[in-house]
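Working notes, beginning with the structure itself.
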Amino acid sequence: MFTHKTIPMMFPVKDGQKGFEAAMDKMLEEAEQAVDDKKNYIILTDRKISENQAPIPSLLAVAAVHHHLIKVKKRMQVGIIVETGETREVNHFALLLGFGASVVNPYLAFAAIDHIVNEGQLNIEYKEARKNYIKAIDKGL
């Protein structure tokens, strides 16, 4: 059985730079603790962004977690999944994978595809449109 720890990639807007730095530190601590807790995957997510919670850029978060775990000799014990609304284009995926992500979930791109299909702007079903998007990203990589 695979286990995971979900870690937010966000910080309180009102706290500014200090909030950002504290959130980064907490994210690294949680990632290391997840490895110590024998989790198989870390899921870095920005799904709960709001007017009060700003996202930490996904590339920065993935790279920071990846290099922190290398530094503490724990990187090879866990996979990093990034769930982000930022990822749309092939280059976004390539950079995240190159900086340490094992898997990328572009949830906002999937939501946009769903919206386009529901609005009748595509003459195919959502499942097929999503499959085509994934195939295009795979070919681009």
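Against the conditions (1) closer than 20 Å to M27 by Cβ; (2) assigned to a helix (DSSP H, G or I); (3) in contact (Cβ under 8 Å) with a residue 40 or more places away in the chain; (4) open to solvent by 40 Å² or more (accessible area, probe 1.4 Å), A61 satisfies every one except (4).
In the stretch 71-83, of all residues being among the aliphatic types (A, V, I, L, M) and open to solvent by less than 20 Å² (accessible area, probe 1.4 Å), the one that is farthest from the chain's Cα centre (by Cα) corresponds to V78. Filter the stretch 64-87 for residues that are out of contact with any strand residue (DSSP E or B) (no Cβ under 8 Å at 6 or more places or on another chain) and either β-branched (V, I, T) or in a strand (DSSP E or B) (or both) and give the result. Listed by number, the residues that qualify are I70, V72. Selection over the stretch 40-56 of residues that are open to solvent by 60 Å² or more (accessible area, probe 1.4 Å) and either out of contact with any strand residue (DSSP E or B) (no Cβ under 7 Å at 6 or more places or on another chain) or without any contact (Cβ under 8 Å) to a residue 40 or more places away in the chain (or both) gives a count of 2. Would you call F2 among the hydrophobic types (A, V, I, L, M, F, W, C) and modelled with pLDDT of 95 or more? Answer is no for this residue.
Inside the stretch 3-21, residues that are open to solvent by less than 60 Å² (accessible area, probe 1.4 Å), at negative phi and assigned to a helix (DSSP H, G or I) make up a count of 2. Just so you know, in the stretch 84-121 the residues that are touching a residue at least 40 places away in the same chain (Cβ under 8 Å) and in contact with an Asp or Glu (Cβ under 7 Å, 6 or more places away or on another chain) include one that is surrounded by the fewest Cβ atoms within 10 Å (Cβ to Cβ), and it is Y107.
Annotation: I137 fulfils all but one of (1) open to solvent by 50 Å² or more (accessible area, probe 1.4 Å); (2) over 30 Å from E30 (Cα atoms); the unmet one is (1).
The values are calculated or read from the model by the stated rules, or taken from the named source; none is laboratory data. Bear in mind the structure is a predicted one, so any value in this text is a computation, not a measurement. Cβ coordinates were reconstructed from backbone atoms using ideal geometry, including for glycine residues, and neighbour counts include every protein chain displayed. Side chains are part of the model used for accessible areas, which takes the heavy atoms of the whole protein and leaves out ligands, DNA and RNA. Shrake-Rupley method; radii C 1.70, N 1.55, O 1.52, S 1.80 Å.
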